[in-house]
Amino acid sequence: MGAQQLTGRRAIVTGSNSGIGLGIAEALAAAGAEVVINSFTDSDEDHALAADLAARHGVAVRYIAADMSKPDDCRALVERAGGCDILVNNAGIQHVCAIPDFPTEKWDAIVAINMSSAFHTTAAALPGMYDAGWGRVVNVASAHGLTASPYKAAYVAAKHGVVGLTKVTALEAAGKGVTANAICPGYVLTPIVENQIPDQMKTHGMDRETVIREVMLSRQPSGEFATVEQMGGTAVFLCSDAAAQITGTTISVDGGWTAL
Ligand code: NAD
């Protein structure tokens, strides 16, 4: 793969001011793509992130604030970007709680941000991709898009939904030069994982190290966290010519979790 294989392509990565989204934005910029990074905030730090990526990779990088819990914001993100060749639906949140106590507002927020946002951005981005005869939709699902864990009802339901949406997108886009696939990460040590450690400690009555070892990485036969750089490399691969016939499928980057 050439270092600048994505020169001339414009990418939007939702939820990319931290964690996996930022790792994917970095990898796409390193491969030569113009990148739009996003979150719901609009701080100096957000815009500084864009400036830093642009300076280090010599590509145009913009930060566009848009709240992925709001359908109009999702569509406006694509419009304000001027459309895109590569759409990475990555924004996501988590809440860990047993079903009888699961707060309705958390269910609604997780379904909106983790699943429905991908529908709205995809709907806005596909016409331009069809016109161009080239496009890549990369949905960041999860091992929880293929398997389940207790206490994560909304997240598991939303991520299974993302995998389903990925398949439908692929079928509708087939033959138009546009592919759609889902990356299914296992545990990656980002803020979303850090933030659920206290809840897991409470739910399981365990200390931090025991939660990491026995609740999180016990599912991951490699015994190691996956990394944001690995997610970035996988996204760049899905955007490459080698992946032109890979569509409607999932790529697990989970240390063997879903092989169990
Ligand atoms: P993270 O918390 O670092 O990143 C989440 C990103 O989403 C942040 O940039 C945040 O600002 C953004 N976001 C949250 N709410 C938003 C909203 N309303 N509008 C716009 N942006 C919003 O966590 P992460 O681990 O990098 O998660 C990224 C994606 O990867 C998520 O979809 C997550 O479900 C998925 N994932 C993560 C792991 C893991 O172990 N970290 C595993 C599997 C899947």
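Taking amide H atoms as placed 1.01 Å from N in the peptide plane, list the residues 5 or more away in sequence, or in a different chain, whose amide H sits under 5 Å from that of residue 178.
For residue 178, the qualifying residues are 135.
Note down the magnitude of the dipole of region 92-197 about its Cα centre, charges +1 on Lys and Arg C-beta and -1 on Asp and Glu C-beta and zero elsewhere, to the nearest 20 debye.
On the way: 6 positive and 6 negative charges, 55 e Å.
Approximately 260 debye in magnitude.
I'd like to compare 19-31, 167-179: which one has the highest average count of other Cβ atoms within 10 Å, and what's the full order after that?
Details: 19-31: 25.6, 167-179: 16.8.
Per-residue mean Cβ counts within 10 Å order the peptides as 19-31, 167-179.
Please state the charge dipole magnitude for the chain, taken about the Cα centre, from unit charges on C-beta atoms (+1 on K and R, -1 on D and E), reported in debye and rounded to the nearest 20.
Working: 17 positive and 26 negative charges, 126 e Å.
Around 600 debye, computed over the chain.
Measuring from centroid to centroid over Cα atoms, what is the spacing of region 1-55 and region 91-166 in Å?
Centre-to-centre (Cα) distance: 21 Å.
Quick one: accessible area per residue over the chain, 1.4 Å probe, rounded to a whole number of Å²? Working shown, then result.
Working: 11080 Å² over 260 residues.
Accessible area per residue, the chain: 43 Å².
Can you pull the three principal axis extents for the Cα set of region 1-156, in Å, largest first?
Principal extents (Cα only, largest first): 50, 34, 31 Å.
Given R₀ = 51 Å, FRET efficiency for residue 260-residue 176 by Cβ-Cβ distance, to 0.05? Intermediate results must be reported in sequence, preceding the final value.
On the way: r = 37 Å, r/R0 = 0.72.
Rounded to the nearest 0.05, the efficiency is 0.90.
Working out 0.36 nm times the residue gap between residue 244 and residue 70, then minus their Cα-Cα distance, what length gain in nm do you get to one decimal?
Values: separation 174, 0.36 × 174 = 62.64 nm, distance 3.15 nm.
So the chain would gain 59.5 nm between residue 244 and residue 70.
Net charge around residue 207, counting only other residues with Cβ within less than 12 Å of its Cβ (Lys, Arg = +1; Asp, Glu = -1)?
Working: positive: 202, 208, 213; negative: 209, 214.
The answer is +1.
For the chain, taking Cα atoms only, what is the radius of gyration to one decimal and the Dmax to the nearest whole Å?
In order Rg, Dmax, the Cα atoms of the chain give 17.6, 54 Å.
What is the sum of charges, Lys and Arg at +1 and Asp and Glu at -1, for the other residues whose Cβ falls under 12 Å from the Cβ of residue 8?
On the way: positive: 9, 10; negative: 34, 85.
It works out to a net charge of 0.
Suppose the chain between residue 97 and residue 54 were pulled fully straight at 0.36 nm per residue; how much longer would it get relative to their current alpha carbon spacing?
Between residue 97 and residue 54, full extension yields an extra 11.5 nm.
Hey, rough spin-label estimate for residue 203 and residue 227, points 7 angstrom out along Cα→Cβ, what's it come to in nanometres?
2.8 nm
The values are calculated or read from the model by the stated rules, or taken from the named source; none is laboratory data. Model, not experiment: these values are computed from the prediction. A quick note on method: Cβ atoms are made from the backbone with ideal geometry, for glycine too, and the neighbour counts reach across all protein chains shown. Each accessible area value is taken on the protein alone, full model and side chains, heavy atoms only, with ligands, DNA and RNA left out. Shrake-Rupley method; radii C 1.70, N 1.55, O 1.52, S 1.80 Å.
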